[in-house]
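**Q** Got a structure here, written out as structure tokens. Questions coming.
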Amino acid sequence: MSQLRALAGALRGGCAGGSQWLLGCGGGPARRWLDPRRGCSTGASPIVPPVASSSSSYVEEMYFAWLEDHNNVHESWDAFFRNIQPSSPSGEAGEGRPSALLQGRVLYHSPGMAQKVVEDHLAVHTLIRAYQIRGHHVAQLDPLGILDADLDSFVPSDLITTIDKLGLPNPVSHAITVGFYGLDESDLDKSFQLPPTTFIGGGNTTLPLREIIRRLETSYCGHIGVEFMFINNVDKCQWIRQKFETPGVMQFTNAEKRTLLARLVRSTRFEDFLARKWSSEKRFGLEGCEVLIPALKTIIDKSSAAGIDSVIMGMPHRGRLNVLANVIRKELNQIFCQFDPKLEAADEGSGDVKYHLGMCHERINRETDKSITLSLMANPSHLEAVDPVVQGKAKAEQFYRGDDRGQKVMCISMHGDAAFAGQGVVYETFHLSELPSYTTHGTIHVVVNNQIGFTTDPRVARSSPYPTDVARVVNAPIFHVNADDPEAVMYVCRVAAEWRTTFNKDVVIDLVCYRRFGHNEMDEPMFTQPLMYKQICRQEHVLKKYSDKLIAEGVVTLQEFEEEVAKYDKICEEAYTSSKDEKILHIRPWLDSPWPDFFTAEGEPKSMSSVPTGLEEEVLQHIGQTASSVPLEDFKIHPGVSRILRGRSDLVKNRQMDWALGEYMAFGSLLKDGIHVRLSGQDVERGTFSHRHHVLHDQEVDKRTCVPMNHLWANQAPYTVCNSSLSEYGVLGFELGFAMASPNALILWEAQFGDFHNTAQCIIDQFISPGQAKWVRNNGISLIVLLLSSTCPQGPEHSSARPERFLQMSKDDSDHFPEFNGDFEVQQLFDCNWIVVNCSTPANYCHVIRRQIQLPFRKPLIIFTPKSLLRHPDARSSFDDLAEGTRFKRLVPDVGAADRSPGQVKRVIFCTGKVYYELAKERKLQNLEKDVAIVRLEQISPFPFDLVRAEVERYATAELVWCQEEHKNMGYYDYVRPRFLTVVANKKPVWYVGRDPAAAPATGNKSTHLNELKRFMDTAFNLSAFQGRDL
């Protein structure tokens, strides 16, 4: 545009004299022509007739005479006008077709006409930009030809299109469209200078308007629709323009076409084979989007060539079996035997349906001859739930391999159109993509756009034009492509892979396709989409279309095509025969995240014993001193932080620790042992209650920080502590994925308040709790979920981590007293699905974290962390509690007067967490230390049957009470009561002391809170409170 403005200035007399335009502003006889595409001059100098330098009006007369008939002027003038005519491809600009730019230069004495030339050029430039911005609205994306992929049948009025040739009605009249720019029919054959923001010219700097429009329509209105002009980076926009605008850019060799056909054969015939053999089985086939398989393989091929050797993939159930067979290369007989209802399940867990399973496989990429590991993550029916898990696992692999730019490990995420637009976790995951501690340096998203949900029409399923619009928030380019054009799909996939390699940013491929059957093969889609499915019934298969095309082009013969089909059909038949030899249905071969060096070859723990988790005195002292100091020089910290560090120093001198110091001891000692520790969550660097301060900030230098934990030892493992985005679902899923990559790491996610985990419930319910049972996956195993919890007068939303939910999902049997040979504790932990604890001391908190790594297997650990104990003066531990030989206490017995005279004890109060300190305080006030024993359950699940029985037998004559601060219908009571009754063989009651049932977890009124507390404290120490009550 600036060049056109400069031209306008020249036309208005920008040079000294009228004739200076021909001579050049320097006045010399030899002219240099400005090349606006390059911003510099060229040496081309057409011979100028001598008279031309003295009379511009004479030049004007000669020009018009030449336009009428080239023979009307002297041959020197004819040569002059021919030489300055802008170059154009043969046949595109005839001899009688004048350059609009030349007319403007010659007719500079006519301001009106000169202005028209400038305006026409500006209009053409605007037209080009309009195609770049909105061309995708009129692209031929729907293979069915019945819907607009953007839900909008309106054709932008600023596009001059040949939409009538697309077989679609054109609601915009040609006159109105042309009028939008002030152009008319005669302008179509005029040549216009191309701006530097387009590549449609190829080697030409000018083109006739008709050719400009044709090339723009080829680039932006064919089977590919490109959304990219919202990206706020010129270089990236130019890169995309060049990829899609350069003439003839989408070319494939015959070898590439044959490879594409072979892959399409495998994708299509695999689904056909399953349909023939198991016509009444649900399989969520890929019919209607068979091109997904060659698309994924193209992405992998291009990425492998660029250096990628590990690809982590996530996808919903549609097409999963096909991806496993033809992309991951899972053995076909292992897939087919999943359909056999007679096979008995191996004793490896409950298992899952075949279209939820994943796999990890290392193979040679045939196109690049390089080794590549492909991992397809198992996923529940909760669409998109796997998105952050995939990102987390990829990030972990990049981290452990030192792949700081994602040049070795990458993600491919597949989505359905309805879920991509409708599921909020998609947005949460996108917003992790640029965060330093979460970025995986670019994910390729592939949307299988069925143009329908289960039965829901997209016009009532989303408010955005496209299902992919969510990707615009992170400036990810979006490539829409008609899935019935395999070559267009392959080109888009090639560009997407190159984009990720070049810019390390997310990119989205929108495969606009259809679903040949219903949501599953047993569903009837004609109930709700009759017109769409009538068209689908008439739709020719893409394999037939493409094979006919290649046969017509002579790329393959009909015989070669039929041989390729027969070859794959034979492979399937042989695998089917082999699958009948299977007797047991194993899940372990489907493991998506194996740890071969951690377990035995059979996947079992190498031992079944635990070791003490205590620490040497010098280690405690060293960690304590580091935790209370600033290891960097000239680093000015906040006075408040300085006060906290002095307080820690005093604790260390007295060989004591508070909650923050106990955590420091756990993390620091594991780092010494080479265990990577990663703590993530909202505001975890400082700690929600300002107790942690693991990241110190220089008060005088912006962005200068210090993490003392990374300055503990010379060869320690790295410590990562990172504030997350304000997300629970996405971030917990991410950390779960991170924990899956290696067993030798401690991965922690902390909910800012306990009940904030409720928005991440899907990850907890579908992945963490049942993950090992469904997928034989020791995943999330070193994942610790820290939930700040305690009933307090801060209102119902900040009081309870809902422990009842976690305990309800714990799989131990409340009516059976377990009997184990060997280490009871370890055997019990091995059999559980997760561990739930509520620690009451910093030492026990440290022990349970260290035990998590010392165990010979991995289980998810849920820790309820009480807010009030972070600084409670009584909630401190001595270094002796962490001395060598000590270990985690699943139960903390009473060690006072009651312990010394157990026969005199009238009541034993069992409790957990911070309520212990309130009970101990009240017992002392009432002078009941000899009459009431208080026992703390630190590990709630699996329930410590052995230790509880020992305490019950110790206080054989005392009545048993369970006390909790939560309401009766919440908390731990419903979980512990039946287990206590099992311990006592239902011969003694277990009385409840606590708050009455309620709908909300806590009151928002402090007075009410204190009254409730006083009421149940009075009941707890009223030794006659339960006399005369029925069991």
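The values are calculated or read from the model by the stated rules, or taken from the named source; none is laboratory data. Quick caveat, the model's predicted, so the values are computed rather than measured. Glycine also receives a Cβ, built like all others from the backbone with ideal geometry; neighbour counts cover every protein chain displayed. Heads up: the accessible areas ignore ligands, DNA and RNA and are worked out on the full protein's heavy atoms, side chains in. Shrake-Rupley method; radii C 1.70, N 1.55, O 1.52, S 1.80 Å.
**Q** Taking the 0 to 90 degree range and rounding to the nearest ten, how far is the long axis of helix 56-68 tilted relative to the main principal axis of the chain, both from C-alpha atoms?
**A** Compared with the principal axis, the helix lies near 90 degrees.
**Q** I'd like the accessible area for residue 574: 1.4 Å probe, protein heavy atoms, all chains in place, Å² to the nearest 10.
**A** Around 110 Å² of this residue is reachable by solvent.
**Q** Using mean Cβ contacts within 10 Å as the protection proxy, how do 610-622, 67-79 order, highest first?
**A** Values: 610-622: 16.5, 67-79: 13.5.
Final packing ranking: 610-622, 67-79.
**Q** Follow-up question, since we're still on this one. Reachable lysines from residue 544, Cα under 21 Å, same-chain residues fewer than 8 places away excluded?
**A** Cross-link targets: 257, 297, 534, 567, 570.
**Q** Still on this structure: For the stretch 677-693, take each phi angle, set θ = phi - 60°, evaluate the Karplus expression 6.51 cos²θ - 1.76 cosθ + 1.60, and give the result in whole Hz per residue in order, putting x for glycine and proline.
**A** After applying 6.51 cos²θ - 1.76 cosθ + 1.60, I find 10, 10, 10, 9, x, 6, 6, 6, 4, 8, x, 3, 9, 6, 10, 8, 6 Hz.
**Q** If you don't mind, there's one more thing I want to ask. With equal scatterers on the alpha carbons only and no solvent term, can you work out the Debye log10 of I(q)/I(0) for the stretch 194-333 at 0.12, 0.15, 0.16 1/Å?
**A** Ignoring solvent entirely, the Cα scatterers give -0.70, -0.93, -0.99.
**Q** Here's a follow-up. If you plug each phi of the stretch 276-282 into the Karplus form 6.51 cos²θ - 1.76 cosθ + 1.60 with θ = phi - 60°, what whole-Hz ³J(HN,Hα) values come out, in order, with x for Gly and Pro?
**A** Result, ordered by residue: 6, 7, 9, 5, 9, 9, 6 Hz.
**Q** In addition: Beyond 16 Å, what share of the Cα-Cα pairs of the stretch 621-692 is found? Please give it as a whole percent. Mind showing how you got there, number by number?
**A** Values: 1361 of 2556 pairs.
Every Cα pair in the stretch 621-692 considered, those over 16 Å come to 53 percent.
**Q** What figure in square angstrom, to the nearest 10, would you give for the accessible area of residue 526 with a 1.4 Å probe?
**A** 70
**Q** Looking at the stretch 431-513, what % of the alpha carbon pairs are farther apart than 14 Å?
**A** Value for the stretch 431-513 (Cα pairs over 14 Å): 65 percent.
**Q** Further, regarding this structure: Please enumerate, by chain and number, the aspartates and glutamates with C-alpha under 17 Å from the C-alpha of residue 236, excluding those fewer than 8 residues away in the same chain.
**A** Partners found: 227, 245, 434, 498, 506.
**Q** I would also like to ask the following. Write down the accessible area per residue of the stretch 429-529 in Å², having rolled a 1.4 Å probe over the full set of protein chains.
**A** Numbers: 3030 Å² over 101 residues.
In whole numbers, the stretch 429-529 has 30 Å² accessible per residue.
**Q** Do you know the relative contact order of the chain, to the nearest whole percent, from alpha carbon pairs under 8 angstrom that are 6+ apart? Don't skip to the answer; put the middle values down first.
**A** On the way: 1884 pairs, mean separation 93.6, N = 1031.
Relative contact order comes out at 9 percent.
**Q** Compute the Kirkwood hydrodynamic radius of the stretch 564-606, taking the inverse of the mean of 1/r over all pairs of distinct Cα atoms, and give it in Å to one decimal.
**A** Details: mean 1/r = 0.0753 Å⁻¹.
The Cα-based Kirkwood calculation yields 13.3 Å.
**Q** Return the inverse of the average 1/r over all pairs of distinct C-alpha atoms in the chain, which is the Kirkwood hydrodynamic radius, in Å to one decimal. Each step should come with its number before you reach the end.
**A** On the way: mean 1/r = 0.0298 Å⁻¹.
After inverting the pairwise mean of 1/r, the radius is 33.5 Å.
**Q** Starting from the amide H of residue 991, placed 1.01 Å from N in the peptide plane, find each other amide H under 5 Å away whose residue is 5 or more places distant or on another chain.
**A** Those lying under 5 Å, H to H, from residue 991 are 960, 961, 962.
**Q** For residue 644, what accessible area in Å² do you get when you roll a 1.4 Å probe over the heavy atoms of the protein chains, rounding to the nearest 10?
**A** Approximately 50 Å² of residue 644 is accessible to the 1.4 Å probe.
**Q** Also, I was wondering about something else. Just how large is the dipole of the chain about the Cα centre, in debye to the nearest 20, putting +1 at every Lys and Arg Cβ and -1 at every Asp and Glu Cβ? Let's see the in-between values first.
**A** Working: 112 positive and 128 negative charges, 385 e Å.
Using only the charged Cβ atoms, the result is roughly 1860 debye.
**Q** Cα-Cα over 27 Å: which of 811/921; 859/1006; 243/549; 302/549? Before the final figure, lay out each step's value.
**A** Details: 811/921 35 Å; 859/1006 38 Å; 243/549 24 Å; 302/549 25 Å.
Those over the limit are 811/921; 859/1006.
**Q** Here is a further query. Looking at the stretch 632-707, which trypsin sites (Lys or Arg not before Pro) are in a loop (DSSP not H, G, I, E or B) and have at most 12 other Cβ atoms within 10 Å?
**A** 703
**Q** List the residues whose amide H sits under 5 Å from the amide H of residue 935, counting only those 5 or more places along or on another chain, with H placed 1.01 Å from N in the peptide plane.
**A** For residue 935, whose amide H was placed from the backbone, the distant partners under 5 Å are 909, 910, 911.
**Q** Per residue, how many Å² of accessible area does the stretch 682-769 show with a 1.4 Å probe?
**A** Numbers: 2890 Å² over 88 residues.
With all protein chains present, the stretch 682-769 gives 33 Å² per residue.
**Q** Write out the GluC sites (Glu not before Pro) in the stretch 661-750 meeting two conditions: DSSP loop, and at most 16 other Cβ atoms within 10 Å of their Cβ. Provide the component values of the computation, followed by the final result.
**A** Numbers: sites: 663, 685, 700, 728, 735, 750; in loops: 685, 700, 728.
The qualifying sites are 700.
**Q** Just want the answer: with Cβ charges of +1 for Lys and Arg and -1 for Asp and Glu, which residue in 662, 224, 192 is farthest toward the dipole's positive end in the chain?
**A** Positive-most Cα among the choices belongs to 662.
**Q** Where does helix 729-740 land angle-wise versus the long Cα axis of the chain, in degrees 0 to 90, nearest 10?
**A** 80
**Q** Pull up all non-local amide H partners of residue 556: gap of 5 or more, or a different chain, and H-to-H distance under 5 Å with H placed in the peptide plane.
**A** Result for residue 556 returns 551.
**Q** Shifting gears a bit: Calculate, in nm to one decimal, what residue 831 and residue 1000 gain on full extension: separation in residues at 0.36 nm each, minus their alpha carbon distance.
**A** Working: separation 169, 0.36 × 169 = 60.84 nm, distance 3.37 nm.
Separation in residues times 0.36 nm, less the Cα-Cα distance, equals 57.5 nm.
**Q** Towards the positive end of the charge dipole of the stretch 525-618, with charges on Cβ (+1 Lys, Arg; -1 Asp, Glu), say which of 614, 596, 537 has the farthest Cα.
**A** Most positive-ward Cα: 537.
**Q** For residue 604 paired with residue 704, estimate the spin-label separation in nm (one decimal), with each label point 7 Å from Cα along the Cα-to-Cβ line.
**A** Each label point is offset 7 Å from its Cα along the Cβ direction, giving 5.8 nm.
**Q** Magnitude of the Cβ-charge dipole of the stretch 321-462, K/R +1 and D/E -1, about the Cα centre, nearest 20 debye?
**A** Values: 14 positive and 18 negative charges, 71 e Å.
Once rounded to the nearest 20, the dipole reads 340 debye.
**Q** Something else now. Scaled to the compact-protein estimate 2.2 N^0.38 Å, what is the alpha-carbon radius of gyration of the stretch 547-651, rounded to two decimal places? Display every interim value, and only then the final one.
**A** Numbers: Rg = 32.9 Å, N = 105, 2.2 N^0.38 = 12.9 Å.
Ratio of Rg to 2.2 N^0.38 Å for the stretch 547-651: 2.55.
**Q** Moving on to the next point. May I ask you to give the percent of accessible area on the stretch 928-986 that is carbon plus sulfur, with a probe radius of 1.4 Å?
**A** Numbers: 770 of 1760 Å².
For the stretch 928-986, the apolar C and S fraction of the accessible surface comes to 44 percent.
**Q** How big is the antiparallel share of DSSP beta bridges in the chain, given as a percent to the nearest 5?
**A** Working: 25 of 92 bridges.
Beta bridges within the chain, antiparallel portion: roughly 25 percent.
**Q** Give me D for the stretch 250-317 in µm² s⁻¹, whole number, from Stokes-Einstein with Rh from the Kirkwood sum over alpha-carbon pairs, 25 °C and 0.890 mPa s. Write out the running numbers ahead of the final one.
**A** Values: Rh = 13.9 Å.
Reported coefficient: 177 µm²/s.
**Q** Quick check: convex hull of the Cα atoms in the stretch 912-1031, volume per residue, rounded to a whole Å³? Before the final figure, lay out each step's value.
**A** On the way: hull volume 13.9 nm³, N = 120.
With only Cα atoms used, the stretch 912-1031 gives 116 Å³ per residue.
**Q** Kindly rank 493-505, 833-845 from highest to lowest mean number of other beta carbons found within 10 Å of each residue. Before the final figure, lay out the partial values.
**A** On the way: 493-505: 20.7, 833-845: 25.2.
With the highest mean Cβ count within 10 Å placed first, the list reads 833-845, 493-505.
**Q** Tell me, what HN-Hα J-couplings in whole Hz come from the Karplus equation 6.51 cos²θ - 1.76 cosθ + 1.60 at θ = phi - 60° for each residue of the stretch 419-425, using x for Gly and Pro?
**A** 3J(HN,Hα) across the stretch 419-425, in whole Hz: 6, 4, 7, x, 8, x, 5.
**Q** So, one more: With each run of n ≥ 4 DSSP H residues scored as -39500 (n - 2.57), what mean residue ellipticity at 222 nm is computed for the chain after dividing by its residue count and rounding to the nearest 500 deg cm²/dmol? Write down the numbers at each step before the final one.
**A** Values: 33 runs with 371 residues, N = 1031.
Only helices count here, giving -11000 deg cm²/dmol.
**Q** A follow-up question, please. For the stretch 470-595, just say rounded, prolate or oblate: build the C-alpha gyration tensor, square-root its eigenvalues into a ≥ b ≥ c, call rounded for a/c under 1.5, and beyond that prolate if a/b exceeds b/c, oblate if not.
**A** Cα axes put the stretch 470-595 in the rounded bin.
**Q** With axes computed from alpha carbons, what is the tilt in degrees of helix 617-627 against the longest principal axis of the chain, rounded to the nearest 10 within 0 to 90?
**A** 50
**Q** Let me ask another. Can you flag which of 277/354; 393/703; 282/545 are past 23 Å Cα-Cα? Don't jump to the answer; show the numbers that get you there.
**A** Values: 277/354 16 Å; 393/703 28 Å; 282/545 27 Å.
Table pairs above 23 Å Cα-Cα are 393/703; 282/545.
**Q** Next question. How large is the charge dipole for the stretch 573-702, taken about the Cα centre, if only the Cβ atoms of Lys, Arg (+1) and Asp, Glu (-1) carry charge, to the nearest 20 debye? Could you put the intermediate results ahead of the total?
**A** On the way: 14 positive and 22 negative charges, 135 e Å.
With Lys and Arg at +1 and Asp and Glu at -1, about 640 debye.
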